[in-house]
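Quick notes on the structure that follows.
Here, each number is a calculation from the coordinates, and none is a lab measurement. Here the structure is a predicted model, which means the values were calculated and not measured. Glycine also receives a Cβ, built like all others from the backbone with ideal geometry; neighbour counts cover every protein chain displayed.
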Amino acid sequence: MNPREVDFLRRLVAGRFAERRGEGLAARMAEQQGLGVVRGAKVLYTDADFTHAADLLCNRSFALSAPPAPFPRSQAPDGGSEKTGALPVTHGRVAVVAVGLAPALVTPPGSFLAMHWQDALALPYEVLLVCENLEPLLLLHEYRWLADFYQGRPTLALFRGAPGLFGTDAATKLIAADARPTLAFFDFDPKGLSMAASLPRREALCLPAWPELEAATRRAQRQRLFTQSAQVSRVHLDRMQDSEIALAWQRLRLLTLGLNQEGFPR
């Protein structure tokens, strides 16, 4: 049963409509589920149909009414757990690190700041660095070669998000609403390279100098980082004309190894 059919049944149970227009979903449910009787251009319903609609939902483990819209814990209704049905505390927020934004914003080494994505968007940075993983965001100050990409500009480093931990929605909204150039700081593997290739307004792919990156990649021997995403990402990467992406993809194919950000030279 698809979401439209579930919604139709819920509205029928709640509204107890005597009739609906005999077309589209109402006509199909009458034909396939025996729900209502078609009379000319209408479908007519009785109390038995409302019971039947409720049974269809219950037999498929659907609640009779749609769950309430998620809410912040501070706005939880009385009488129940503040956790049930609540939005994650980090909903709408992003994890960021400020580089060269003092005195507007300072982030001590080894830490990040959490704020609503619209507040982050309003900060006076000149370039947005998008970081795939959270630990490298915490260690950003240790990747000294990144200074070559900052070029002395106030930079906001943004964690792209992950399920259950600063979800990707807020970061995606910030990137889409921004107009400033972006820097792609992702894993050196097919999936990371594909994500970097899709980053809007990308000014540069942030990787260490090739001799150091190649040595670190060979040393780590993370073959699975290549094999687990090469097949899925290959079609996208093979089409890329961008010289940086094409060169990185060529090197990955030759190595048949990948390297996670945490293993990048410092």
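For this structure, a couple of remarks:
- Helix 3-15 vs. the chain, principal-axis angle (Cα, 0 to 90°, nearest 10): 40 degrees
- Here the extension length gained between ARG11 and LEU165 equals 52.0 nm, from 0.36 nm per residue of separation less the Cα-Cα distance.
- Note on Rg and Dmax of the Cα atoms in Å: of the candidates [x] 21.1, 75; [y] 39.6, 119; [z] 26.0, 77, the value calculated from this structure sits at [z].
- The distance linking the stretch 103-140 with the stretch 196-244 is 23 Å (Cα centroid to Cα centroid, whole angstrom).
- Phi-based couplings in Hz for the stretch 131-145 (Karplus 6.51, -1.76, 1.60; Gly and Pro marked x): 10, 5, 10, 6, 4, x, 5, 5, 9, 4, 5, 7, 7, 5, 5
- Computed helical MRE - 222 nm, the chain, DSSP H runs ≥ 4 contributing -39500 (n - 2.57), nearest 500: -12000 deg cm²/dmol
- Nonlocal amide H pairs with LYS42, under 5 Å, H built at 1.01 Å: GLY22
- Converting phi to 3J(HN,Hα) with the Karplus coefficients 6.51, -1.76 and 1.60 and the offset θ = phi - 60°, the stretch 254-266 yields 5, 6, 6, 9, x, 9, 6, 3, 4, x, 5, x, 9 Hz in sequence order, with x at every glycine or proline.
- In terms of packing, defined here as the mean over residues of other Cβ atoms within 10 angstrom, the peptides 131-139, 169-177 line up highest first as 131-139, 169-177.
- Tilt relative to the chain, helix 223-239 - C-alpha long axis, 0 to 90 degrees, to 10: 80 degrees
- For ARG202, nonlocal amide neighbours, meaning residues 5 or more places apart or on other chains whose placed amide H falls under 5 Å from its own, are THR182.
- Helix 210-220 vs. the chain, principal-axis angle (Cα, 0 to 90°, nearest 10): 60 degrees
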